[in-house]
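S.K.: Structure provided below as structure tokens; questions to follow.
The values are calculated or read from the model by the stated rules, or taken from the named source; none is laboratory data. Since the model is a prediction, treat every value here as computed from it, not as a measurement. Note that we place each Cβ from the backbone using ideal geometry, even for glycine, and neighbour counts take in every protein chain shown.
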Amino acid sequence: MFAAAEALASTNCRLLQYRNKSGNARQMLEHALELKKRLGGSLILIMNDRADLCLAADFDGVHVGQDDLSPEAVRAIIGPDRWLGVSTHNPDQLREANLTSADYLAIGPVFATSSKEKPDPVVGLEGVRRARALTGKPLVAIGGITRMNCRAVLDAGADAVAVISDLLREPQKSAEEFWRILR
């Protein structure tokens with residue numbers, strides 16, 4: 001039903017990011033409203049890229065990348081009470097994002113990923129360690145995260161992991177195993 005949902009999982013909270021790179025705004029809003037209806041209150045719902053749709057669907061926050069609106073422009077739209085996340089791919093981007101009002105930062109891809117057409121260079125576990133040293137904000141590792149490697153990513157300094165591909169194969173089983181691993 002949905003283009004993709006990305007789970008940001010940590011030991012402290014559960015976030016679900018609605019991500020649809022090819023749908024039109026009307027379709028995306030319909031999907032977001034359905035997610036809100038089914039899951040609102042049980043998870044923190046994050047809209048990928050679109051501050052306007054975050055507000056229209058009453059999501060809990062927005063996650064932006066390097067080519068999207070700036071974090072401060074998004075913050076001006078969503079206000080101070082919603083979550084704001086920013087993707088970074090190298091130490092310079094992470095340092096810059098750390099100076100913004102973002103609530104959490106993402107680093108990656110940690111491993112090779114098939115969920116993006118033109119992924120940035122892999123940062124590896126060492127990139128997660130470097131990112132951890134550069135910020136005190138919550139750090140989400142993105143890119144190629146699976147049940148098999150998520151513990152190593154968390155041990156490298158990530159507070160949470162973002163998962164797409166490993167959830168798509170066997171959603172229920174995979175999600176249950178992730179929650180067990182992350183406890």
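S.K.: Being more than 18 Å from the chain's Cα centre (by Cα), closer than 29 Å to Val110 by Cα and free of Cβ contacts under 8 Å to residues at least 40 places away in the same chain is the requirement here; does Asp92 meet it? Before you say what the answer is, go through the steps one by one.
M.R.: Numbers: more than 18 Å from the chain's Cα centre (by Cα): yes; closer than 29 Å to Val110 by Cα: yes; free of Cβ contacts under 8 Å to residues at least 40 places away in the same chain: yes.
Here the answer is yes, as Asp92 does meet what is asked.
S.K.: Specify the residue that is surrounded by the most Cβ atoms within 10 Å (Cβ to Cβ); the eligible residues are those in the stretch 163-183 that are of a type outside the set (Lys, Arg) and part of a loop (DSSP other than H, G, I, E, B). Can you show your working first?
M.R.: At the first step, the residues of the stretch 163-183 found to be of a type outside the set (Lys, Arg) are 163-168, 170-172, 174-179, 181-182.
In the following step, the residues that additionally are part of a loop (DSSP other than H, G, I, E, B) were identified as 164, 170.
Details: Ile164: 20, Glu170: 11.
Result: Ile164.
S.K.: Further question on the same structure: Could you list, in sequence order, the residues of the stretch 142-183 that are without any contact (Cβ under 8 Å) to a residue 40 or more places away in the chain and of a type in the set (D, E, K, R)?
M.R.: Arg147, Arg151, Asp155, Asp166, Arg169, Glu170, Lys173, Glu176, Glu177, Arg180
S.K.: Could you list, in sequence order, all residues of the stretch 24-51 that are under 30 Å from Glu96 (Cβ atoms) and either of a type in the set (Lys, Arg) or surrounded by 15 or more Cβ atoms within 10 Å (Cβ to Cβ) (or both)? Before you say what the answer is, go through the steps one by one.
M.R.: Of all residues in the stretch 24-51, those under 30 Å from Glu96 (Cβ atoms) come to 25, 28, 32, 43-51.
Across the stretch 24-51, the qualifying residues are Met28, Ala32, Leu43, Ile44, Leu45, Ile46, Met47, Asn48, Asp49, Arg50, Ala51.
S.K.: On to the next question. If the Cβ limit is 6 Å and pairs must be 6+ apart or interchain, which residue in the stretch 59-73 that is closer than 14 Å to Asn98 by Cα pairs with which residue that is hydrophobic (A, V, I, L, M, F, W, C) and assigned to a helix (DSSP H, G or I)?
M.R.: Val64/Val74
S.K.: Identify the residue in the stretch 15-36 that is modelled with pLDDT under 95 and in contact with a helix residue (DSSP H, G or I) (Cβ under 6 Å, 6 or more places away or on another chain) and, among all such residues, is nearest to Ala175 (Cα to Cα).
M.R.: Tyr18
S.K.: If only one of Gly108, Gly85, Gly79 is at positive phi and either buried (at least 18 other Cβ atoms within 10 Å of the Cβ) or among the acidic types (Asp, Glu) (or both), which one is it? Give the derivation first.
M.R.: Details: Gly85 fails: at positive phi; Gly79 fails: either buried (at least 18 other Cβ atoms within 10 Å of the Cβ) or among the acidic types (Asp, Glu) (or both).
Step by step, each of Gly108, Gly85, Gly79 is checked, and only Gly108 is at positive phi and either buried (at least 18 other Cβ atoms within 10 Å of the Cβ) or among the acidic types (Asp, Glu) (or both).
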